[in-house]
1. Look at Thr80 and say whether it is assigned to a helix (DSSP H, G or I), β-branched (Val, Ile, Thr) and either touching a residue at least 24 places away in the same chain (Cβ under 8 Å) or in contact with a strand residue (DSSP E or B) (Cβ under 9 Å, 6 or more places away or on another chain) (or both).
2. Looking at region 118-140 only, could you name the residues that are more than 17 Å from the chain's Cα centre (by Cα) and either closer than 17 Å to Ala81 by Cα or not hydrophobic (A, V, I, L, M, F, W, C) (or both)?
3. Restricting attention to region 56-78, report how many residues are touching a Gly at 6+ places or on another chain (Cβ under 6 Å) and open to solvent by 50 Å² or more (accessible area, probe 1.4 Å).
4. Test of understanding: among Leu48, Leu26, Leu110, which residue is touching a residue at least 24 places away in the same chain (Cβ under 8 Å), open to solvent by less than 20 Å² (accessible area, probe 1.4 Å) and within 14 Å of the chain's Cα centre (by Cα)?
5. Identify all residues within region 82-107 that are surrounded by fewer than 17 Cβ atoms within 10 Å (Cβ to Cβ) and of a type in the set (Ser, Thr, Tyr); write none if there are none.
6. How many residues, within region 130-146, are open to solvent by less than 50 Å² (accessible area, probe 1.4 Å), at pLDDT 95 or above and part of a loop (DSSP other than H, G, I, E, B)?
Amino acid sequence: ILCAAPHGLVAAGGSPCEVPAIAELLDLLSAQLAADGRRWCLIAGADLAHIGPQFGDSQPVSRTWLTHVEAADRAMLGLTAAGDAEGFYHQVMDDGDSRRICGVAPIYALLRLLPPSRGEVLRYTQWADTAGDGAVTFASVAFWRV
């Protein structure tokens, strides 16, 4: 399922699940997974931050900026591993999504669809253009049912 960013649909301080179309989709998917009876696996294929002039920022990417982005990403990943869909979404949106987390929709949907689980951040990585034109961050998080 391809997911577009919900930014234009969600009121400031609100939740994607307050948007009827999003709530209906997640409710239908949740019901289908519950009724299926088979084991299933959910995967959200999504990048995290996109920063630098290549993505619309005015300044080049610096080591200091990458350190700041990593701290924010790791806080976001902590909420993700905790299964906190609303906390994840609000952490991304508290600064207007200044890091351009392109995976906000699929990660939010995954967190809403998971049964009670525990997560673990397996890896976090940053790719940065050596000229400072851009950087993209990404991670892997695995969940186990509790």
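1. It is true that Thr80 is assigned to a helix (DSSP H, G or I), β-branched (Val, Ile, Thr) and either touching a residue at least 24 places away in the same chain (Cβ under 8 Å) or in contact with a strand residue (DSSP E or B) (Cβ under 9 Å, 6 or more places away or on another chain) (or both).
2. Correct list: Asp129, Thr130, Gly132, Asp133, Gly134.
3. Within region 56-78, the subset touching a Gly at 6+ places or on another chain (Cβ under 6 Å) is 60-61.
With the extra rule that they be open to solvent by 50 Å² or more (accessible area, probe 1.4 Å), the set shrinks to 60.
Total meeting the criteria: 1.
4. Values: Leu26 fails: within 14 Å of the chain's Cα centre (by Cα); Leu110 fails: open to solvent by less than 20 Å² (accessible area, probe 1.4 Å).
Only one candidate qualifies: Leu48.
5. If the condition is that a residue be surrounded by fewer than 17 Cβ atoms within 10 Å (Cβ to Cβ) and of a type in the set (Ser, Thr, Tyr), then Ser98 is the only one that fits.
6. Total satisfying the criteria: 1.
The values are calculated or read from the model by the stated rules, or taken from the named source; none is laboratory data. Keep in mind the model is a prediction, meaning the values are calculated, not measured. Glycine gets a Cβ as well: all are built from the backbone with ideal geometry, and neighbour counts include every protein chain shown. These accessible areas exclude ligands, DNA and RNA; they are computed on the full protein's heavy atoms, side chains included. Shrake-Rupley method; radii C 1.70, N 1.55, O 1.52, S 1.80 Å.
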